[in-house]
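Undergrad: Attaching a single structure in structure tokens format; questions to follow.
The values are calculated or read from the model by the stated rules, or taken from the named source; none is laboratory data. Since this is a predicted model, take the numbers as computed values, not measurements. As a convention, Cβ positions derive from the backbone with ideal geometry for all residues, glycine included, and neighbour counts pool all protein chains shown. Remember, those area values only see protein heavy atoms, side chains included, never the ligands or the DNA or RNA. Shrake-Rupley method; radii C 1.70, N 1.55, O 1.52, S 1.80 Å.
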Amino acid sequence: MSVFPASRLRRLRRTDTLRAMVEETTLSPRDLILPFFVTHGRGVRNEISSMPGVYQLSVDELVKDVRELPGMGIPGVLLFGLPAGKDAVGSEAYARDGIVQQAMRAIKDASPDTIVVGDVCLCEYTDHGHCGVVENGQVLNDPTLDLLSQMAVVQAEAGADIIAPSDMMDGRVAAIRRALDAHRFTDTPIMAYSAKFASGFYGPFREAADSAPQFGDRRAYQMNPANGREAMREMAQDVVEGADFIMVKPALAYLDLIRRARESFDLPVVAYNVSGEYSMVKAAAQNGWIDERRIVMEILTGIKRAGADLIITYHAREVAAWLRE
Ligand code: PBG
């Protein structure tokens, strides 16, 4: 390796064109998946106070927004639902006419090429707000698998292109794969939220999806933010169980795991740039403390440089517009 003065790294930074020629990481709208929150009713467009620019939308309004995405180059959406009612077992999650299932049918009608990813988790649908069946204050693993499997099948029937379990129960990928296959959805891929941490960065999402746990927290199923090796075990097990994509969530505080995922597995790696990461940027930008565009591009480029193939982000539309300029 040559060093100064033979080597002068600034030589390749001299002009815009030269810098562009040696750019290693390029963000594209194709890398992005935009999440939506869908609610019952008509003409509903409620902005989420902690997530400026993100709305709870009724199906008719959702369809209007989704129709614009192909023109922006954004290939996919991720759907979360606000049910009409909640109960102990999250019944609307796996009801044929549940809100997300209605939304999936409407999107597949209006914008058939848009890839619809269904988030599979019970927390938005249960009255206790946990991601599984609760007994004596404990979230039960194995009984939850049946409900998640039903939810996955009902979503696939409604037109979901990808099933994305985010509950963090053990064995859900295998259970969902079996259920999908038994219902002839052998070609529906699973995007596993494999390394999902018990994170403070989900705060604004819980307002958006009305999914805060009513007692305790999620640390008995989501991962300890301190554990990297355990995250690798989670990912390895999901791969063996049949995951088609692996995900690291949140993104920014876990870039090391995005990198390790990239190096250890040959599956597509997905990073979720979560609600709190979005809200912090928005709040600082609204105060004039940071340059939103620069910061968002830098964050998403960093996530991609770490090794993500796909990024789930609430910034997707702005980024797609900036990339076209
Ligand atoms: C669970 C789920 C959560 C998110 C996605 N799926 C919240 C949680 O685990 O509490 C968070 C996404 C975000 O913060 O943007 N269904």
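Undergrad: Quick one: Cα convex hull volume of the chain, Å³ per residue?
TA: Each residue corresponds to 153 Å³ of Cα convex hull volume.
Undergrad: May I pose another question? Considering the chain as a Gaussian network with a 10 Å cut-off on Cα pairs, which listed residue, L62, L122, L32, attains the greatest mean-square fluctuation?
TA: Highest fluctuation of the listed residues: L62.
Undergrad: Within the accessible area of the chain, what % is carbon and sulfur when the probe is 1.4 Å and the other protein chains stay in place?
TA: Within the chain, the accessible surface is 50 percent carbon and sulfur.
Undergrad: For A103, what is the net charge nearby, where nearby means another residue's Cβ is under 15 Å from its Cβ and Lys, Arg count +1, Asp, Glu -1?
TA: Taking every other residue near A103 into account, the sum is -3.
Undergrad: So how tilted is helix 229-241 from the main axis of the chain? Cα-based, degrees 0 to 90, rounded to 10.
TA: Tilt relative to the chain: about 60 degrees.
Undergrad: When the Cα centres of segment 1-62 and segment 137-171 are compared, how far apart do they sit, in Å?
TA: Taking the Cα centre of each part, segment 1-62 and segment 137-171 sit 30 Å apart.
Undergrad: So what are the ³J(HN,Hα) numbers for segment 284-301, from phi and the Karplus equation (6.51, -1.76, 1.60; θ = phi - 60°), rounded to whole Hz, Gly and Pro as x?
TA: Here the 3J(HN,Hα) series is 5, 5, 5, 7, x, 7, 9, 8, 4, 4, 4, 5, 5, 5, 5, 5, 5, 5 Hz.
Undergrad: How much area per residue is accessible in segment 27-324 when the probe is 1.4 Å and only protein heavy atoms are counted (Å²)?
TA: 40
Undergrad: For the chain, with a Gaussian network of springs between Cα atoms less than 10 Å apart, report the residue from E92, E47, E263 with the top mean-square fluctuation.
TA: Largest GNM mean-square fluctuation: E263.
Undergrad: Under 16 Å Cα to Cα from K64, which lysines show up? Leave out anything in the same chain fewer than 8 places away.
TA: Partners within reach: K108.
Undergrad: Quick check on the chain: of the DSSP beta bridges with both residues there, what percent are antiparallel, nearest 5%?
TA: 15
Undergrad: With a sphere of radius 11 Å drawn around the Cβ of Y272, what net charge do the other residues whose Cβ falls strictly inside it have (Lys, Arg +1; Asp, Glu -1)?
TA: Summing Lys/Arg as +1 and Asp/Glu as -1 gives 0.
Undergrad: Okay, moving on. Of Y55, Y314, which has the most accessible area and how do the rest follow, probe 1.4 Å?
TA: Reading off the accessible areas and sorting them downward yields Y55, Y314.
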